[in-house]
């Protein structure tokens, strides 16, 4: 199965000698906890293409783990950063404020799902946003309990790690964890225990009642400050819940006076075809966390929410030296300009439709693809050893990704069992480039099928 490439250009074996030299130094220079996935050393990147120090050019469908929805080094972001570098680099916003922070907050507040007034505080990382969202919720409600979900990923700092469900590699040996965290099942149509053996299952009220029952057995609702939920689970396997789940959860939280925090760190900024994935559900959350694609790779995150909730903490209880730094807010404002000028939401919808069709055709050819799921351009395929038993095939997943990398496509996996291939291409990836990458993935499956 030969493939002709227009964008991929491989000049050496993968990894090449230069990359091997750099990678060989990593173990001595960094701790083992920072192991790398792709053994290639980047030299430059633009759009959806990445070139290593050996001159090999790859199509990058990982997007820096969901950070590059507008692509590597977008021209508008580069221009904004260069202009900001020439003006000033740092003041600490709470010492001497700057307009770009205020303007960015105003623009994002106008996009708060469900409408209505909102305010925003900026931070550095996704985990930091989650930590502060929990602080805000507890300060406002004067309650301590937090409900999170199975397979959830919210970060690797203490509270965020406590909320995270995936034990290996994130939590093993890291306890004790933060107290007052309770766990509930998250609807997983492909593996729902109420599917009664059916291959395809649409979770219904029966599933939601089971979630509510599991919570009531763990904690009194009046002791719960907030429920934190990913509209689509990211690290947990790109699990798309049924359309009725978030509206049901919103009603459940309102019934008990519990705040609803939506973690939009991976789903936000157009990934699902809406600016925020919560918009698909037509609900208004109390708080929303955001990061990743907010600033095209410049570290920035935020918590946005109803003003009365955001004002729960007292003066100086939120903040940090570098939070909402001038470089990041300049980049983020450029990102919003790109969304408006390039109609990235429509591009995300078209990309998602293409991926579902292309991967659907591959699923009919390769039974190892047990499930294909997605919302907008947030698409994943789950690999199994047998379509009937649905036994996860993490080894096959790893081999497929290695083959794809060898042929010039960077992909990454997800899921509790590491058996989900997730697609996080920049939303403005040209259609023919995406097709070239899919042809390589098809080739990887064909090669693996013929082992």
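There is no residue in segment 246-258 that is within 13 Å of the chain's Cα centre (by Cα) and assigned by TED's automatic domain parsing to the domain that holds residue 159.
The C-beta contact set for segment 149-178 (first residue without any contact (Cβ under 8 Å) to a residue 12 or more places away in the chain and not assigned by TED's automatic domain parsing to the domain that holds residue 35, second residue crowded, with 16+ Cβ neighbours inside 10 Å and assigned to a loop (DSSP other than H, G, I, E, B), distance under 7 angstrom, 6+ apart or interchain) comprises 171/164. For segment 15-39, a tally of residues being more than 24 Å from the chain's Cα centre (by Cα), under 18 Å from residue 412 (Cβ atoms) and part of a loop (DSSP other than H, G, I, E, B) returns 1.
Go through the residues of segment 425-443 one by one and say whether even a single one is under 24 Å from residue 240 (Cβ atoms), free of Cβ contacts under 8 Å to residues at least 60 places away in the same chain, assigned by TED's automatic domain parsing to the domain that holds residue 348 and surrounded by fewer than 19 Cβ atoms within 10 Å (Cβ to Cβ). Within segment 425-443, none of the residues are under 24 Å from residue 240 (Cβ atoms), free of Cβ contacts under 8 Å to residues at least 60 places away in the same chain, assigned by TED's automatic domain parsing to the domain that holds residue 348 and surrounded by fewer than 19 Cβ atoms within 10 Å (Cβ to Cβ).
What number of residues within segment 68-77 are over 11 Å from residue 330 (Cβ atoms) and either part of a helix (DSSP H, G or I) or at pLDDT below 95 (or both)? Steps first, please.
Taking segment 68-77 as the starting set, the residues that turn out to be over 11 Å from residue 330 (Cβ atoms) are 68-75.
Narrowing further to those that are either part of a helix (DSSP H, G or I) or at pLDDT below 95 (or both): 75.
Adding up the residues that qualify gives 1.
Can you tell me which of 341, 308 is surrounded by fewer than 16 Cβ atoms within 10 Å (Cβ to Cβ), within 17 Å of residue 270 (Cβ to Cβ) and at pLDDT 95 or above?
On the way: 308 fails: within 17 Å of residue 270 (Cβ to Cβ).
One residue alone meets the criteria, 341.
Restricting segment 383-410 to residues that are farther than 16 Å from residue 369 by Cα and assigned to a loop (DSSP other than H, G, I, E, B), the residue that is nearest to the chain's Cα centre (by Cα) is 408. Evaluate segment 319-340: report whether one residue or more is without any contact (Cβ under 8 Å) to a residue 40 or more places away in the chain and in a helix (DSSP H, G or I). Scanning segment 319-340 turns up at least one residue that is without any contact (Cβ under 8 Å) to a residue 40 or more places away in the chain and in a helix (DSSP H, G or I).
Checking every residue in segment 209-225 against the condition of being at pLDDT 90 or above, part of a strand (DSSP E or B), under 23 Å from residue 313 (Cα atoms) and touching a helix residue (DSSP H, G or I) at 6+ places or on another chain (Cβ under 9 Å) gives at least one match. Here the condition is being assigned by TED's automatic domain parsing to the domain that holds residue 158, within 18 Å of residue 308 (Cα to Cα), in contact with a helix residue (DSSP H, G or I) (Cβ under 7 Å, 6 or more places away or on another chain) and surrounded by fewer than 19 Cβ atoms within 10 Å (Cβ to Cβ); of 117, 113, it holds for 117 alone.
All conditions but one from (1) within 16 Å of the chain's Cα centre (by Cα); (2) surrounded by fewer than 24 Cβ atoms within 10 Å (Cβ to Cβ); (3) assigned to a strand (DSSP E or B) apply to residue 380; the one that does not is (2).
Against the definition (touching a residue at least 40 places away in the same chain (Cβ under 8 Å) and surrounded by 16 or more Cβ atoms within 10 Å (Cβ to Cβ)), how does residue 242 come out, yes or no?
Judged against the criteria, residue 242 is a match.
Does segment 323-346 contain any residue that is farther than 20 Å from residue 79 by Cα, in contact with a strand residue (DSSP E or B) (Cβ under 9 Å, 6 or more places away or on another chain) and not assigned by TED's automatic domain parsing to the domain that holds residue 191? No, segment 323-346 has no match at all.
Residues are listed down the side, and each one gets a yes or a no for (1) touching a strand residue (DSSP E or B) at 6+ places or on another chain (Cβ under 7 Å); (2) within 24 Å of residue 156 (Cβ to Cβ):
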position: 13; (1), (2): no, no
position: 26; (1), (2): no, yes
position: 34; (1), (2): no, yes
position: 42; (1), (2): yes, yes
position: 47; (1), (2): yes, no
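For segment 354-366, a residue qualifies if it is surrounded by fewer than 21 Cβ atoms within 10 Å (Cβ to Cβ) and either modelled with pLDDT under 95 or under 19 Å from the mean Cα position of the chain (by Cα) (or both), and exactly one does: 356.
The values are calculated or read from the model by the stated rules, or taken from the named source; none is laboratory data. Predicted model only: the values in this text are computed from it and were never measured. Methodologically, a virtual Cβ is constructed for each residue, glycine included, from the backbone with ideal geometry; neighbour enumeration extends over all protein chains shown.
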